[in-house]
1. Could you sort Ile61, Ile264, Ile45 by accessible area so the largest value comes first, with the probe set to 1.4 Å?
2. Students often get this wrong: which residues of segment 306-331 have the backbone nitrogen under 12 Å from the point 7 angstrom along Cα-to-C-beta of Glu195?
3. Could the peptides 366-375, 309-318, 63-72 be put in order, highest first, of the mean number of other beta-carbon atoms found within 10 Å of their residues?
4. Relative to the Cα centre, what is the charge dipole magnitude of the chain, using +1 at the beta carbon of each Lys and Arg, -1 at the beta carbon of each Asp and Glu, and rounding to the nearest 20 debye?
5. Testing the spin-label approximation: label points 7 Å from Cα along Cα→Cβ at Asp202 and Lys30. State their distance in nm.
6. Beta carbons within 10 angstrom, averaged per residue: use that to sort the peptides 404-415, 141-152, 206-217, highest first.
7. Can you sort Arg397, Arg79 by solvent-accessible area, 1.4 Å probe, largest first?
8. Measuring with a 1.4 Å probe in the full set of protein chains, what accessible area per residue, in whole Å², belongs to segment 71-110?
Amino acid sequence: MKKMSLHWKILIGMGLGVLFGALAANFGFKQLTVDWIKPFGTIFINALKLIAVPLIVASLIKGISDLKDISQLSRMGGRTIGVYLLTTVLAVMLGLAIVNIVKPGASVNEETREALLSGYADDATAKIEMAQQQSQQGPLQPLVDLVPGNIFHALADNGNMLQVIFFVIFFAIGIILVKPEKSKPVKRFFDGFNEVVLKMIDLIMITAPYGVFALMAALVVEAPTLDLFQALLWYALSVLLGLGILILVFYPLLARLVTGIKWIDFFKGISPAQLVAFSTSSSAATLPVTMERVSEHMGVDEEVTSFVLPIGATVNMDGTSLYQGIAAVFIAQTFGIDLTIMDQLAIVVTATLASIGAAAVPSAGMIMLVIVLGTVGIPEAGLALIFAIDRPLDMVRTICNVTGDATVALIVGKSLNKIGPPHVKEWDDNYEPPQT
Ligand code: ASP
């Protein structure tokens, strides 16, 4: 019998999770679900996060040290950053086009606005405070933050991915530059380490359908009741329309034009990562899955994926930048503020930077939105308007972020001629680990 593919298993897990959550909410099993089901979702996310740092270290060292010389690295780096920036700017512009045409803010009446503003004021204030801590820094602070003072400190915190990436690239450049007889044992060690980490991801992915079941069930029982949902319907639809265009049309088309990959193969390759992104709302937690899918199932050489994807998960968030563009203008429309062309251009620039600065974790895009609002002079308290509906939109924008990273990995892979047929490492059923 043919084995069911992973994305179907995950989808079934998600569907059953939603169903279970809905039944639990209606039949009084809410607490039971929170106590006995939700922890398995948390364990699944933790397992993915647990593997993220070792994976970045092992695969980036392997990927870069396999390069022949430093010029190859700078070529790959230049292309990666260039394409990432381009797609992010395009995404905000798409968002602005949609929100200016649909005008979702125009349909919110005075009464609903007041209800939303007062209902979510506290939550909004908490996010505004978080954003203020970030924005009080000098202009060069992001650059300073890139270089860790202590590597173990950076490794100890999943929020410091860029610092880890910086150290690892630096270390790998060192490997390229020393004599082969010295670098060989170091490289061999990390090659083996990398294989082990990839196998651990395979093992974690076996549990993915159960993990997403638990995540979705918990999400449904804990969801706020959305009686104000109607008012936000047009706003939510605008964001979903933009994200849908990027995910279903723009990326697969771009990938097709550059690499020739068919629409269906693109989705067969990336869909398990998209489903994990949807369930976890975190590109960082999804990174191990994205890397496995793009290298093994879409055929991009590990040299490329190990470089492009960890950087992408941290800095390339097209879904987030599109959402920030739409949300900023929506809030302005609701308050009756007219935005000039210059204001909208300022949104393009700040949303691009804010999405780069956003951490790859749930709700990070909303925190950074405060900075966009502040720059253009839109009241930050307006965040309360969109709070109620943010989580589902976060789930979809995370799919978009992950799909964007995968697309850029395909493009960079193709441009460097480092793309081949998929090479799934299947389980070798006859393989016995050696007995000692
Ligand atoms: N949750 C998103 C991500 O991890 C970031 C965001 O909040 O937009 O990609």
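1. Working: Ile61 5, Ile264 95, Ile45 35 Å².
Accessible-area ranking of Ile61, Ile264, Ile45, largest first: Ile264, Ile45, Ile61.
2. What the label zone holds, given the 12 Å backbone N cut-off, is no residue at all.
3. 309-318, 366-375, 63-72
4. 1180
5. 4.4
6. Values: 404-415: 26.2, 141-152: 11.7, 206-217: 22.8.
My ranking of the peptides, most packed first, is 404-415, 206-217, 141-152.
7. Result of the area sort, largest leading: Arg79, Arg397.
8. Dividing the accessible area of segment 71-110 by its residue count gives 48 Å².
The values are calculated or read from the model by the stated rules, or taken from the named source; none is laboratory data. Small disclaimer: the values here were computed from a predicted structure and weren't measured. Quick reminder, even Gly has a Cβ in these numbers, built from the backbone with ideal geometry, and neighbours come from all protein chains shown. Ligands, DNA and RNA are excluded from the accessible area calculation, which covers all protein heavy atoms including side chains. Shrake-Rupley method; radii C 1.70, N 1.55, O 1.52, S 1.80 Å.
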